[in-house]
Amino acid sequence: MATLKDVARDAGVSIATVSCCLSGARNVKPETRARIMDSIEKLKYIPNASARNLKTADSKKIGIVLTDIDDYYHAEIFKGISSYLQNKGFSMNVAFSNNSPDIECDKIDDFVSGNVSGLLIITSQPQNTEFFTARIRNYNIPAVFIERRPDNLNTSFVSFDNSKTTYYLTENLIKKGYQNIALITGSQQFSSEAEAIKGYQLALQDYELPVNPDLIQTTNLTREDGFKAFLTLPLLDQIDAVITTSENIAQGVAEACKIQGSIPSDDIQILTFGEESWNRVNLSGIIHTSRTAFTLGTKAAQLLMQNIESPVLFEEKTLIFTDEIIHSRLPLPEAKKKTPASKKAGSSKEPLRILMADLATSHAARLLSENFTRQTGNPVEIDFAAQNELPGKIVEDLGRSRSHYDIYMYDIPWLQYLVQNGLIADITDFIESDSFNSDAFFPENLNNCMFDKRYYGIPIVGGSQILFYRQDLFENRRIQKDFKKMFQIPLSPPRTWTEFNGIASFFTRDCNPDSPTQYGTSMAGIVDEELAPEILIRLWSGGGKLWDKYNRVCMNTPENAQAFGSILKTLNYIETSPFETDISKTVHDFCSGKTAMLITYSEYAGQICQSIHNNIIGRVGYESIPGKTPASVGWNLGMNPCTARYEEACLYFQWLSKKDISIYMTILDGQSPARAPYSSHELLKLYPWLELTEKSFEYCRKRTGPYSKNSLIIPQSRIETTLCTVLRRIVTDGLGIAEALDEGQKEMQALFKSYGYPKPLHLLP
């Protein structure tokens, strides 16, 4: 059995320091405490229980760990705790985990080393049994868990019977004729949410109704995620009732109903777990249950005090309370017959037709466009096309005797070519008029719609490339120690491409057998449009370029050679060749825990975070890419120059610029070119990458070709194809970097020459 001396030796500190850390007799530096706690966990050291009981008897401190200060239900639980403990002579130390397992671990470690008398916990990591055993059981610390029961851990627990509540709610809905009932909960890793799902499913089965897994949506228990979960429900127009497990979710659902033109209690019935309070203002049209979180907090504190006061006689207890609504009659109306047509008012108007790239933003726009129709009476039809197919479809549509689409979505590198070939309408008069609020957008994004001082659209996507990394791995103390031993520098997000490759090698199992991930990173390049930015950001970082200020090609340079050398090193730390990998796979590999880092566009941030949350694999960090030379990502909506729906298209552009719509777009997609979401503290808390994205506007670069007045525009795709061919020749054909760049130089010069570049020097201004 490990001793205090063993712990001190392993942590590299004195026995006295270990003792002080455990007793809280004096402050111990955070980094020292972290080493001590790691050693204790590694050695399975168990402090003497009787000695600990003697020390804690006089500490008179209770550690309380809650998830989120903004959660009303959990705030009421704390009120109950406080009410019971305030006359017991104990001080209360409260910490918030923000639903982060890592933060929760740190806070509990702080309480343990501070020698608290007991712990009250609403955990964000019930599956982390090993941690709770090491920190609570082995230290003989009295603890009560609330709402969320840790896996395989015999400890006191208090909660409501969520299974019984959802069964009751579902049963009553069924008896009133409701057929398509959705359930929106928190993560299924929480016992409270898992029990709610269990009751819902059991009620459907008992009444011989099918259990459709698509009608069960999990969220992070925020209003914003509830909003998104409802709007993305399959067969949304057939849903006649929704049950939610928190009032936050219910608020999000109600807001989504408003967007869709549905009225709670009239078009759709919303039921939610709610707090019992005579003076609480409840949302109109929503039926709330009548549980008392205050009582839950009181009972949890009472259990804890019983354990502290009589540790020898105390037995761990589980208290499950029944929601008061079980004993009452629900004020439910009879279900109304619902058809898809009943939710949408028919219109004889010709729809406004839009062709968009198949992106998350585009799907968000389609979800919200029903709101535009409701406000203006103009129906909207949105079709999608693959990014690499979209330019051809635009040209094809304009080649018809009568175009099908009124609005086109286009990537900002295409703008010059579209304008010069008359494929996009000049809407400067509209943009500069009083009817359009240009201040709603960041100038950097709105300028992406401008060519030769004229406007040719409005921005709908605006962001840049950012670095995503597994923050939980980068901050893991064991991993940090191993990295420093290997590279002699601390582990942190890379600032240079040399550092990036070094970190990528460390997290690649073929290079480091102890790596927690299979590969360090990944790279997309199945199409040139995805591969070119991967090359360009490395060229730009080292001062490389493809042409000079006189539009003379300059590919075969030392700077460009160095960039390609860096890319070749990166290819050693990826699973599959970039020529066989698309962006969706790189995102999937990162979200599934296969890779440690990912460089991609900010528009994927929301998807990444949601997927990481669902997979329960860790925590995401965000940082500027190495060299701070990201490619600007921008998609605009431009008008067909031949459209007969000019006024309707302008109305749609006005609608997209509204504050509430830009916020809804951000919630559904995770980013926006408008200012409003970036000034919302609620959204910045949920989507921390927004701050980084806004900052990147200062230094991100456009992917544009050379330009001289009265000269033809070279399609950006042809320039990028030539650039990507250089890498293919190096990787696939085995050419040396210098040789491949020389070949690329000749091909790029021929391309430039065919479009009249460069002009003779004596003709240049």
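The values are calculated or read from the model by the stated rules, or taken from the named source; none is laboratory data. All values reported here derive from a predicted model rather than from experimental measurement. Glycine gets a Cβ as well: all are built from the backbone with ideal geometry, and neighbour counts include every protein chain shown.
Filtered by the rule that a residue be at pLDDT below 85, surrounded by fewer than 11 Cβ atoms within 10 Å (Cβ to Cβ) and part of a loop (DSSP other than H, G, I, E, B), the range 311-327 gives V312, L313. Quick one: would you say I608 is at pLDDT 95 or above and either at positive phi or within 19 Å of the chain's Cα centre (by Cα) (or both)? Criteria not met by I608.
Restricting the range 556-576 to residues that are over 38 Å from the mean Cα position of the chain (by Cα) and not in a helix (DSSP H, G or I) leaves a set whose member that is surrounded by the fewest Cβ atoms within 10 Å (Cβ to Cβ) is T557.
The residue that is farthest from G565 (Cα to Cα), counting only those in the range 472-501 that are without any contact (Cβ under 8 Å) to a residue 60 or more places away in the chain and buried (at least 19 other Cβ atoms within 10 Å of the Cβ), is I479.
Helices (runs of 4 or more DSSP H) fully within the range 671-763 that include at least 1 residues being more than 26 Å from E559 (Cα to Cα) and of a type outside the set (F, W, Y): 681-686, 689-696, 737-754.
Here is a yes/no grid of residues against (1) touching a Phe, Trp or Tyr at 6+ places or on another chain (Cβ under 8 Å); (2) farther than 20 Å from L221 by Cβ; (3) modelled with pLDDT of 90 or more; (4) surrounded by 18 or more Cβ atoms within 10 Å (Cβ to Cβ):
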residue: S59; (1), (2), (3), (4): no, yes, no, no
residue: G63; (1), (2), (3), (4): yes, yes, yes, yes
residue: L66; (1), (2), (3), (4): yes, no, yes, yes
residue: I69; (1), (2), (3), (4): yes, no, no, no
residue: I77; (1), (2), (3), (4): yes, no, yes, yes
residue: S82; (1), (2), (3), (4): no, yes, yes, no
residue: S100; (1), (2), (3), (4): no, no, no, no
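Listed by first and then second residue, the pairs with beta-carbon distance under 8 Å, at least 6 apart or on different chains, first residue in the range 538-552 and outside any loop (DSSP other than H, G, I, E, B), second of a type in the set (G, A, S) and at pLDDT 95 or above, are R538/G544; R538/A563; R538/S566; L539/A563; S541/A563. For the range 421-430, check the following and say yes or no: at least one residue is assigned to a loop (DSSP other than H, G, I, E, B), more than 10 Å from G457 (Cβ to Cβ) and touching a Cys at 6+ places or on another chain (Cβ under 8 Å). Checking the range 421-430: not a single residue is assigned to a loop (DSSP other than H, G, I, E, B), more than 10 Å from G457 (Cβ to Cβ) and touching a Cys at 6+ places or on another chain (Cβ under 8 Å). Screening the candidates F590, F579 for the property of being among the hydrophobic types (A, V, I, L, M, F, W, C), crowded, with 21+ Cβ neighbours inside 10 Å and either on the phi < 0 side of the Ramachandran plot or modelled with pLDDT under 95 (or both) yields one hit, F590. Looking at the range 87-105, can you tell me whether even one residue there is free of Cβ contacts under 8 Å to residues at least 60 places away in the same chain, of a type in the set (F, W, Y) and within 24 Å of S39 (Cβ to Cβ)? Looking for residues that are free of Cβ contacts under 8 Å to residues at least 60 places away in the same chain, of a type in the set (F, W, Y) and within 24 Å of S39 (Cβ to Cβ), one finds none in the range 87-105, hence no. Checking R703, R718 one by one, the residue that is within 30 Å of C609 (Cα to Cα) and more than 25 Å from the chain's Cα centre (by Cα) is R703 and no other. The set of residues from the range 398-417 being crowded, with 21+ Cβ neighbours inside 10 Å and in a loop (DSSP other than H, G, I, E, B) comprises Y405, D406. Checking the structure you have, find out if any residue of the range 517-525 is in contact with a Leu (Cβ under 9 Å, 6 or more places away or on another chain) and free of Cβ contacts under 8 Å to residues at least 60 places away in the same chain. No, that holds for no residue.
Taken residue by residue, the range 449-465 has at least one member that is of a type in the set (S, T, Y), buried (at least 23 other Cβ atoms within 10 Å of the Cβ) and either over 30 Å from F500 (Cβ atoms) or modelled with pLDDT of 95 or more (or both).
Scanning the range 113-130 for residues that are more than 27 Å from the chain's Cα centre (by Cα) and at pLDDT 85 or above returns V116, S117, G118, L119, L120, E130.
Conditions (1) assigned to a loop (DSSP other than H, G, I, E, B); (2) at pLDDT below 85, marked per residue:
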{"site": "R329", "(1), (2)": "yes, yes"}
{"site": "P333", "(1), (2)": "yes, no"}
{"site": "K337", "(1), (2)": "yes, yes"}
{"site": "L355", "(1), (2)": "no, no"}
{"site": "S362", "(1), (2)": "no, no"}
{"site": "A365", "(1), (2)": "no, no"}
{"site": "N371", "(1), (2)": "no, no"}
